[in-house]
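Below is one structure, written out as structure tokens, with a few remarks after it.
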Amino acid sequence: MIDRLNTLLRKLPSWPLYILAAIYPAWLFWQALNGGLGADPVKVMEHLMGERALQLLILGLAVTPLRKHVGLNLMKFRRAIGVIAFFYVAAHLLVWLVLDVQRLDLIWADIVKRPYITVGMAGFILLLPLAITSNNWSVRKLGKRWRKLHKLTYGACLLGGLHFVMLAKGFQIEPLLYLGAVVLLLALRVKLPKGLLIGRNA
């Protein structure tokens, strides 16, 4: 079953993902203009774009463990997933900047005084060099350094999950599940010492 799915995935191009990704925020904006997002459409758009971005970041983080532990190969789509995730994070940020806060002095004050915004901005900053270097030219130019640079994804995902947990009011299970998924996927990347592996298999 997995082999058949991998064969099918190899035949599919990744570029349609970018078109599909562009449709979602456009649809949200249309819904907001036509009253489809409730009494506070800006907050709803801001939340949904941020949540979709986090979901895509987690999906991108899951690509390697899925190949290693399940056999499902999504590697050819990983770059598109990462670029789209950054696009959604940027859209989430723009909605907050342009439609929500709207004043530069208040923007800086929020970043400094509100920890969840500070954490979110830190995650966005980590994603910037990754988005800029998500192209074949950068891969060739940076060589082995490209892989090291793109490990910033781990920190960005962790900060994104933490941002969602800190943003939630009161105890909410959904943000904790997202953060837990990030922690689990990062834990799967930890290489245990050989002695521990031998002991575990004994």
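The values are calculated or read from the model by the stated rules, or taken from the named source; none is laboratory data. What you are looking at is a predicted structure, and each value in this text was computed from that prediction instead of being measured. Using ideal geometry, Cβ is built from the backbone for each residue, glycine included, and neighbour counts are taken over all protein chains shown. Side chains are part of the model used for accessible areas, which takes the heavy atoms of the whole protein and leaves out ligands, DNA and RNA. Shrake-Rupley method; radii C 1.70, N 1.55, O 1.52, S 1.80 Å.
Has the stretch 38-50 got at least one residue that is surrounded by fewer than 11 Cβ atoms within 10 Å (Cβ to Cβ) and either within 27 Å of LEU177 (Cβ to Cβ) or out of contact with any Gly (no Cβ under 9 Å at 6 or more places or on another chain) (or both)?
Residues of the stretch 38-50 surrounded by fewer than 11 Cβ atoms within 10 Å (Cβ to Cβ): 38-39.
Filter once more, so that each one left must be either within 27 Å of LEU177 (Cβ to Cβ) or out of contact with any Gly (no Cβ under 9 Å at 6 or more places or on another chain) (or both): 38-39.
Checked the stretch 38-50: at least one residue is surrounded by fewer than 11 Cβ atoms within 10 Å (Cβ to Cβ) and either within 27 Å of LEU177 (Cβ to Cβ) or out of contact with any Gly (no Cβ under 9 Å at 6 or more places or on another chain) (or both).
With (1) exposed (fewer than 15 other Cβ atoms within 10 Å of the Cβ); (2) among the basic types (Lys, Arg); (3) closer than 30 Å to ASP100 by Cα as the list, and ARG4 as the residue in question, which single condition is left unmet?
Unmet for ARG4, out of (1) exposed (fewer than 15 other Cβ atoms within 10 Å of the Cβ); (2) among the basic types (Lys, Arg); (3) closer than 30 Å to ASP100 by Cα: (3).
Sort out which residues of the stretch 60-80 are in contact (Cβ under 8 Å) with a residue 24 or more places away in the chain and either aliphatic (A, V, I, L, M) or closer than 18 Å to LEU97 by Cβ (or both), and write them in order of number.
LEU61, ALA62, VAL70, LEU72, LEU74, ALA80, listed by residue number.
Condition first: open to solvent by 30 Å² or more (accessible area, probe 1.4 Å), within 30 Å of ILE19 (Cα to Cα) and either among the aliphatic types (A, V, I, L, M) or part of a helix (DSSP H, G or I) (or both). Now tell me which residues in the stretch 90-123 satisfy that.
HIS92, LEU94, LEU97, VAL98, LEU99, ASP100, MET121, ALA122
It is to be established whether one or more residues within the stretch 27-45 are within 18 Å of the chain's Cα centre (by Cα) and among the aliphatic types (A, V, I, L, M).
Yes, that holds for at least one residue.
Could you tell me whether any residue of the stretch 74-89 is surrounded by fewer than 16 Cβ atoms within 10 Å (Cβ to Cβ) and more than 29 Å from TRP146 (Cβ to Cβ)?
no
Check ILE198, ILE173 and return the single one that is more than 22 Å from PHE124 (Cα to Cα) and at pLDDT 90 or above. Even if it seems obvious, please write down each step before you answer.
Values: ILE198 fails: at pLDDT 90 or above.
Residue meeting the stated conditions: ILE173.
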